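Below is one structure, written out as structure tokens; comments come after it.
The values are calculated or read from the model by the stated rules, or taken from the named source; none is laboratory data. In this text, all values refer to a predicted model and were calculated from it rather than measured experimentally. All Cβ positions, even for glycine, are placed from backbone atoms using ideal geometry, and neighbour counts span all protein chains on display. The accessibility values were calculated without ligands, DNA or RNA, using every heavy atom of the protein model including side chains. Shrake-Rupley method; radii C 1.70, N 1.55, O 1.52, S 1.80 Å.
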Amino acid sequence: DDTAALIGERLSVTVLPPLLIDFIYEQTHGHPFFASELVCALREAGALRLVDGVCQLTQTPTELRLQRFPTTMDGVVRSRIDRLRPQQLLALKVASVVGRTFVHRIVDGVHPIAADRVYLRSYLDDLEQQELTARHATIEPTYSFRHILIQEITYSTLSFAQRRELHLAVASWYERRSSEATHASYPPEEVTPLLAHHYGQAAEHPLATAVELRKAVAALVRAGNQALRSGAAREAVGLCERGLTLTS
């Protein structure tokens, strides 16, 4: 019953075919996120038709099984990501580097293809409509990945070289904004741990330069000192140990 209610809410319908409920439950054993993602995958694959609040299967359960839909949460999420258009996928990849929550202007500021930036807002809207992300009710366009697993799987599709370049770009973006008096929304105490994270991630690449390593270590030490001052001793130790690892 809970699975049926979840499917109906996700599809915004009141009538569901029992065969669909049985198929979803059989595959997911009632796991809410897994069931929700599988429903989206079925809809995007054209296996469902929604008409006037009624959901209809366009294929029999046997035909669905023959299509070999992924049987794991990771597999279902990856199949949905793989269906994205290249421009949408790149926007999602950039966002996955920025973090679980991201604002439009950061993704715009570090997006590697300048010609795509004019369309970025529509790409982010598309990702929201496909329920991979959710938009916050804020003045500045702000989004979050609908589940951390979506962010993690998207991030895993990036090569190590791409991760390095994007982390460096994000760190540089924050550094520039925090140094400008007009950007009071990025005070140093908030930017410091972000710089430590992004410079640290970039420095872990085998091709990291000496300059990148120095920036990462300096950022990690600053973040460690800040954590210590705020009473987060364990976090401070972890940050400083990570900095020491990069110097070895």
Rule-of-thumb Rg ratio for the chain [Cα; 2.2 N^0.38 Å; N residues]: 1.20
Cα-centred dipole magnitude for the range 110-210, charges only on beta-carbon of K, R (+1) and D, E (-1), debye, nearest 20: 160
Distance histogram in 5 Å bins (all Cα pairs of the range 101-248, percent per bin): 2, 9, 15, 19, 20, 18, 11, 5, 2, 0
Farthest toward the dipole's positive end in the chain, which of T133, G224, T14, given Cβ charges of +1 (Lys, Arg) and -1 (Asp, Glu) about the Cα centre? G224
Contact order relative to length for the chain, counting C-alpha pairs under 8 Å separated by 6 or more residues, stands in percent at 11
L149, L244, ranked by accessible area, largest first (probe 1.4 Å): L244, L149
The range 211-239-the range 21-93 distance, computed between alpha-carbon centres (Å): 42
Relative contact order (%) - the range 6-117, alpha-carbon pairs under 8 angstrom, separation at least six: 21
Whole-Å semi-axes of the range 40-113's equivalent ellipsoid (Cα gyration tensor): 32, 15, 10
How far apart, in nm, are the 7 Å Cα→Cβ label points at S248 and R65? 5.2
Compute the long axis of helix 73-82 from its Cα atoms, compare it with the longest principal axis of the Cα atoms of the chain, and write down the angle in degrees, 0 to 90, nearest 10. 80
What do you get for the angle between helix 160-178 and the principal long axis of the chain? Use alpha-carbon atoms, 0 to 90 degrees, nearest ten. 60
Between T138 and H29, how many nm apart are label points set 7 Å from Cα along the C-beta direction? 3.7
Enter the accessible area of C240 (Å², nearest 10), with the probe set to 1.4 Å and all protein chains included. 50
Quick one: angle between helix 210-229 and the longest Cα principal axis of the chain, in degrees between 0 and 90, rounded to 10, please. 90
If I model a spin label at V211 and A4 as a point 7 Å from the Cα along the Cα→Cβ vector, what separation in nanometres do I get? 6.4
Checking R49, R164, R121 against a Gaussian network model of the chain (alpha-carbon springs below 10 Å), the top fluctuating residue turns out to be R49
For the range 117-212, calculate the relative contact order in percent as a whole number, restricting contacts to Cα pairs under 8 Å that are 6 or more residues apart. 19
